[in-house]
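Undergrad: First the structure, which I've put down as structure tokens, then a few questions once you've had a look.
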Amino acid sequence: FVPYALLAVGAEEHASLFYLDQKGESFAQVEGGMDLDYPVISGLEQVTDSAERLKLLKESLHFLRLVRGNDPNLPAQSISEIHLTSDHGIIVHLVEHPFPIFYGSGEVRKRYIRLKKVLEVLYRPRKTGMDIARVTYIKMDYLTNKVIVGYRDSG
């Protein structure tokens, strides 16, 4: 088995981590000294509907396959956590930035392409006047084909 992601199971402070393969099957519990350099998928057990749980897990793995293409604005190593919820679907957290990306559910490829474009704009503040350091959230699940970027005041 080849690890693809880590699955967090249990309460946050006391969660156990398991390796997942690219099909979403867990195959080993992570123990001290083992490689932890994979994105963590969390919240799965809080999604109570089993069909929705499976759908969100498959979508999160699809998203991880897409980021493995290593676009410079969204490389695989930039993904820290993918949190799954019934309310918001997929919520992505990046390694370098503290804000959540409310990715939503469905149309994984379209949302991925849209997110890459948004991040490209945010990473070029001189040209666009937008600055990723001021972002508080990105909502991709607000309206169809629309993305909202929340900012904090610069002063």
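Please treat every number below as a calculation from the coordinates, not as lab data. Just so we're clear, the structure is a prediction, and the values are computed from it rather than from any experiment. Counting neighbours? That spans all protein chains shown, and the Cβs are built from the backbone with ideal geometry, glycine included.
Undergrad: Count the DSSP beta bridges whose two residues both fall in the chain, then state the antiparallel fraction as a percent rounded to the nearest 5.
TA: 75 percent
Undergrad: Could I ask something else about it? For the chain, what is the mean residue ellipticity at 222 nm derived from helices alone (per DSSP H run of n ≥ 4: -39500 (n - 2.57); sum divided by total residues; nearest 500 deg cm²/dmol)?
TA: Here the helix-only value at 222 nm equals -7500 deg cm²/dmol.
Undergrad: Gly104's amide H: which non-local residues (gap 5+, or another chain) put their own amide H closer than 5 Å, with H modeled 1.01 Å from N in plane and none for Pro or chain starts?
TA: Counting only residues 5 or more places away or on other chains, the set is Ile90.
Undergrad: Report, by chain and number, residues whose modeled amide H sits under 5 Å from the one on Ile79, excluding near sequence neighbours (fewer than 5 apart, same chain).
TA: Under 5 Å from the amide H of Ile79: Val95.
Undergrad: What distance in nm separates the simple spin-label points at Asp21 and Ala76, each placed 7 Å from Cα in the Cβ direction?
TA: About 1.7 nm separates the two model spin labels.
Undergrad: I need the phi-derived Karplus couplings for the range 12-24: 6.51 cos²θ - 1.76 cosθ + 1.60, θ = phi - 60°, integer Hz, Gly and Pro marked x.
TA: 3, 5, 10, 5, 9, 10, 10, 6, 10, 8, 5, 8, x
Undergrad: Out of residues 5 or more away from Ile41 or on other chains, whose amide H comes under 5 Å of its own, with H placed 1.01 Å from N in the peptide plane?
TA: Here the answer is Leu6, Leu7, Ala8, Ile82, since their amide H atoms fall under 5 Å of that of Ile41.
Undergrad: Something else now. Sorted from fewest to most neighbouring beta carbons within 10 Å, what does the list Asp141, Asp49 look like?
TA: Listing Asp141, Asp49 from fewest to most nearby Cβ atoms yields Asp49, Asp141.
Undergrad: Same structure again: Using 7 Å Cα-to-Cβ label points, what is the Thr48/Arg68 separation (nm, one decimal)?
TA: Modelled inter-label distance: 3.5 nm.
Undergrad: Quick one, which of (1) 18.6; (2) 19.7; (3) 16.2 is the actual Kirkwood radius over Cα pairs in Å calculated for this model?
TA: Here Kirkwood radius over Cα pairs in Å agrees with entry (3).
Undergrad: May I pose another question? Determine Rg/Rh for the range 53-103; Rg is computed over alpha-carbon atoms and Rh is the Kirkwood hydrodynamic estimate from the same atoms.
TA: Taking Rg over the Kirkwood Rh, I get 0.96.
Undergrad: Enumerate the calculated ³J(HN,Hα) couplings along the range 4-9 in order (Karplus 6.51 cos²θ - 1.76 cosθ + 1.60, θ = phi - 60°), each rounded to whole Hz, writing x wherever the residue is Gly or Pro.
TA: Rounded to whole hertz, the list is 10, 7, 10, 10, 8, 10.
Undergrad: Let me ask something else about it. To the nearest 10 degrees, how steep is helix 108-122 against the longest Cα principal axis of the chain, on a 0 to 90 scale?
TA: 50 degrees
Undergrad: What are the ³J(HN,Hα) values, in whole Hz, obtained from phi via the Karplus relation 6.51 cos²θ - 1.76 cosθ + 1.60 with θ = phi - 60°, for each residue of the range 44-52 in sequence order, with x given for Gly and Pro?
TA: 4, 6, 7, 7, 7, 6, 5, 5, 5
Undergrad: Suppose the chain between Lys110 and Arg124 were pulled fully straight at 0.36 nm per residue; how much longer would it get relative to their current alpha carbon spacing?
TA: That pair, Lys110 and Arg124, stretches by 2.9 nm at full extension.
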